[in-house]
Amino acid sequence: MHLDSKYIKITNFLQKKVHGTSFPNPTVFALIVESDKKFSSNRIVSFGFTQKGGRPHAEAVAISNVKFLKNKIYTLYSTLEPCCHEGREESCVEKIIKSNIQRIIFSSKDPDKRVNGKGIKKLERSGLKVKYNIFADEIQNPYKGYILNRKFNRPKVTLKVGCSMDSKIAVKRGQRDQITNKIVKKIVHNIRSENDAILVGGNTIKIDNPDLNCRIPGLENLSPYKVILSKSLNFDSNSKIFKSKNRNLNIIFTLESNLKKIKSLKSKCYKVVTLKEEDFNLSNILSNLAKFGICNLLVEGGSKIFTSFLNEGLVDQLIIFRSNFFIGPQGQEMFSDKLKLRQNFFVITNVLNVQNNIMEIFDRKR
Ligand SMILES: NC(=O)c1ccc[n+]([C@@H]2O[C@H](COP(=O)([O-])OP(=O)(O)OC[C@H]3O[C@@H](n4cnc5c(N)ncnc54)[C@H](OP(=O)(O)O)[C@@H]3O)[C@@H](O)[C@H]2O)c1
């Protein structure tokens with residue numbers, strides 16, 4: 001395998017190990033390889049990935065750990081085009097130009113207008129060799145939410161459902177039930193940690209009183225933001241979801257303008273976005289979330305919310321965890337009878353055994 005192909009594949013592989021840990025910036029992975037003049041001896045001398053909170057960037061971390069030697073060639077491999085816009089700090093392109101790196105190889109161009117192709121031009125103008133679009137398809141999936149955010153002003157939407165063999169999500173309407181097994185719970189918490197926000201409807205808050213956080217030891221800090229849709233704010237403001245104070249971008253979308261209620265929710269670390277009736281629709285809510293920087297949104301229920309997202313064609317991935325028992329006709333259906341799911345909209349891409357439960361993954365057809 002060609003040298004560049006080998007190292008970019010390693011870079012793309014390692015990105016997936018840390019993906020979703022750098023909100024609000026995309027998680028980039030970078031490697032620096034030191035070679036002799038003939039490229040007959042090559043070794044990885046440094047690596048870096050975007051840190052929590054989005055800074056420092058991967059390239060900056062990788063560069064800071066290298067002792068550059070004069071008679072060597074240095075290549076920086078990265079999953080994404082290096083940034084070239086000056087923000088709080090010097091851009092990665094500037095840092096690369098100032099370092100002793102001669103070659104830059106990356107997988108995917110950055111869809112952000114401030115960068116897209118501009119980073120490449122700056123590097124080339126400084127006499128550096130740039131190659132890109134190398135195994136870019138490998139990184140499309142992890143960067144899908146980022147691409148949708150920057151190009152279409154909406155996050156990637158994953159809808160996650162736990163159900164019985166006969167597709168019921170609760171034993172009775174209006175009741176809270178644990179339907180799937182303990183391993184599924186761990187997988188769900190892991191999925192939560194990879195998403196920027198979880199969205200639920202007001203009824204799920206009232207009935208389930210969920211925490212909606214990630215409780216895997218060591219990953220608690222990666223608990224996503226919480227988003228609630230409730231036109232009337234008719235839930236208990238002492239629900240568990242309002243107890244966690246670890247993140248400051250929890251948002252409620254509502255029509256309610258009662259200042260007392262809003263003030264009480266704001267004091268619990270919730271932003272309250274009061275919309276006009278005509279603006280209270282999912283497309284508008286998703287574009288609001290995109291503006292807050294949300295790239296990956298996990299929709300966790302309940303049935304009315306699932307149905308609305310599907311009816312509006314806003315779901316990119318559907319993950320169903322199915323248990324090994326039937327609930328029967330008294331159970332709550334996964335989707336309300338208002339569902340108008342278009343045929344062939346999704347394609348099943350994976351089915352996994354989770355002990356005695358099953359995980360089914362459906363992707364939206366391209
Ligand atoms: N097994 C699972 O995976 C799972 C997950 C979650 C919940 N559940 C179960 O689902 C049940 C709750 O589901 P649900 O269908 O009654 O309620 P829900 O989907 O949790 O919430 C629906 C409410 O959200 C508000 N809403 C705001 N915008 C909406 C929109 N665009 N589309 C739909 N609703 C919108 C509406 O209340 P306002 O009029 O006040 O705005 C609506 O009545 C519970 O039994 C719970 O246990 C199961």
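Assorted remarks:
- Residue check: T158 meets all listed conditions (1) farther than 14 Å from E300 by Cβ; (2) of a type outside the set (D, E, K, R); (3) more than 10 Å from the ligand (Cβ to nearest atom) but one, namely (1).
- The stretch 26-55, residues that are surrounded by fewer than 17 Cβ atoms within 10 Å (Cβ to Cβ) and either part of a strand (DSSP E or B) or touching a strand residue (DSSP E or B) at 6+ places or on another chain (Cβ under 9 Å) (or both): D36, K37, F39, S41, N42, R43, I44
- Output for the stretch 242-291, where each listed residue is farther than 22 Å from N153 by Cα, more than 16 Å from the ligand (Cβ to nearest atom) and part of a loop (DSSP other than H, G, I, E, B): K243, S244, K245, N246, R247, S267, K268, C269
- Residue, surrounded by the fewest Cβ atoms within 10 Å (Cβ to Cβ), within the stretch 221-280, restricted to residues that are touching a helix residue (DSSP H, G or I) at 6+ places or on another chain (Cβ under 8 Å) and of a type in the set (G, A, S): S232
- Matching residues, the stretch 292-343, being free of Cβ contacts under 8 Å to residues at least 60 places away in the same chain and either in a helix (DSSP H, G or I) or in contact with a Lys or Arg (Cβ under 6 Å, 6 or more places away or on another chain) (or both): T307, S308, N311, S336
- Which listed residue is outside the structural domain of P329 (by TED's automatic domain parsing) and touching a Gly at 6+ places or on another chain (Cβ under 8 Å), from K109, K168, K98: K109
- Complete set of residues in the stretch 188-232 that are of a type in the set (D, E) and over 16 Å from C295 (Cβ atoms): D208, D211, E220
- The residue that is surrounded by the fewest Cβ atoms within 10 Å (Cβ to Cβ), counting only those in the stretch 182-195 that are more than 10 Å from G162 (Cβ to Cβ) and of a type outside the set (A, V, I, L, M), is K182.
The values are calculated or read from the model by the stated rules, or taken from the named source; none is laboratory data. Just so we're clear, the structure is a prediction, and the values are computed from it rather than from any experiment. All Cβ positions, even for glycine, are placed from backbone atoms using ideal geometry, and neighbour counts span all protein chains on display.
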